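*Asks:* Here it is, the structure in full.
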Amino acid sequence: MSTVVEKVTLHLRDMIMSGQFEPGERISEVGVARTLDVSRTPVRWALSILETEGLVSGTPNKGFRLRTFTPEEVLSAYEVRGALEGLACRLAAQRGLSAEAAAEFDACLAEGEALISNTKLDEHTVKRWSAMNGRFHTALLDAAHCPAIEPAYEAVSRYPAAAPGAIMFLTRNLRAGFSAMKRAHEQHVAVVDALKAGQPMRAEYLIREHIDSSGANVRVALQREQAEASAQGSAGPATRRTRRSRAKAAARSKN
């Protein structure tokens with residue numbers, strides 16, 4: 001993926017999560033491209049990526065719209081994710097890790113260690129963490145050797161911010177996100193240790209605790225979004241338009 005697409009994806013995700021689009025609103029490729037001062041091509045690619053994360057929905061020849069969802073739906077998705085990954089970890093620990101699975105976990109942990117050792121947390125680091133985190137959780141499902149889990153997991157991961165690669169809590173505040181990233185890495189290490197030791201119940205408990213922590217991060221972010229939306233709602237139409245214009249101008253200046 002090109003650097004431009006990565007930047008546009010991060011900016012678009014942040015624009016969506018900061019309430020710059022209304023639920024169900026059509027997202028104009030031309031408008032976003034103008035706001036971020038890029039061509040339409042990276043915007044189209046970015047929207048396709050966000051569709052896989054469940055933030056937008058696309059219709060052929062009609063473009064993309066922001067998905068409508070409630071905080072309760074997102075948080076319930078984390079509960080289901082915890083149950084599914086807990087089952088996957090228990091099965092993986094019971095059946096034992098293959099050499100290939102152990103190597104994949106070790107690679108993820110090594111990359112995670114390198115990322116949290118980096119004193120500079122920027123958008124590139126966040127993107128690498130997101131990709132690594134997605135691989136880590138995919139490896140958990142693969143290690144379970146239980147095909148029935150995968151369809152249910154794919155369905156629940158379509159909820160906004162509920163996919164393993166979601167980085168909602170990192171993109172809004174990189175400094176605060178660094179401590180969350182370190183904590184998540186420590187939890188990854190503990191889960192892998194339990195899997196390698198063949199401890200099914202401990203592995204299940206640890207991964208559910210890990211996903212609960214991620215859900216808590218999202219809960220805080222959603223509460224912040226609701227508070228900001230309420231403040232904008234009480235400000236009146238003219239003030240809301242001014243704030244949106246300022247937010248778009250800020251997004252352009254960051255590009």
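FYI, it's all coordinate maths here, none of it is from the lab. Remember, it's a predicted structure, so these values are computed and weren't measured experimentally. Using ideal geometry, Cβ is built from the backbone for each residue, glycine included, and neighbour counts are taken over all protein chains shown.
*Asks:* State which residue is surrounded by the most Cβ atoms within 10 Å (Cβ to Cβ) when the search covers only region 10-44 and only residues that are part of a helix (DSSP H, G or I) and among the β-branched types (Val, Ile, Thr).
*Replies:* Selected residue: Val43.
*Asks:* Next question. Give the residues of region 4-51 that are hydroxyl-bearing (Ser, Thr, Tyr) and in contact (Cβ under 8 Å) with a residue 12 or more places away in the chain, sorted by residue number.
*Replies:* Within region 4-51, Thr9, Ser18, Ser28, Thr35 meet the criteria.
*Asks:* Could you run through region 70-98 and say how many residues are surrounded by fewer than 17 Cβ atoms within 10 Å (Cβ to Cβ) and assigned to a loop (DSSP other than H, G, I, E, B)?
*Replies:* Residues flagged as surrounded by fewer than 17 Cβ atoms within 10 Å (Cβ to Cβ) and assigned to a loop (DSSP other than H, G, I, E, B) within region 70-98 amount to 3.
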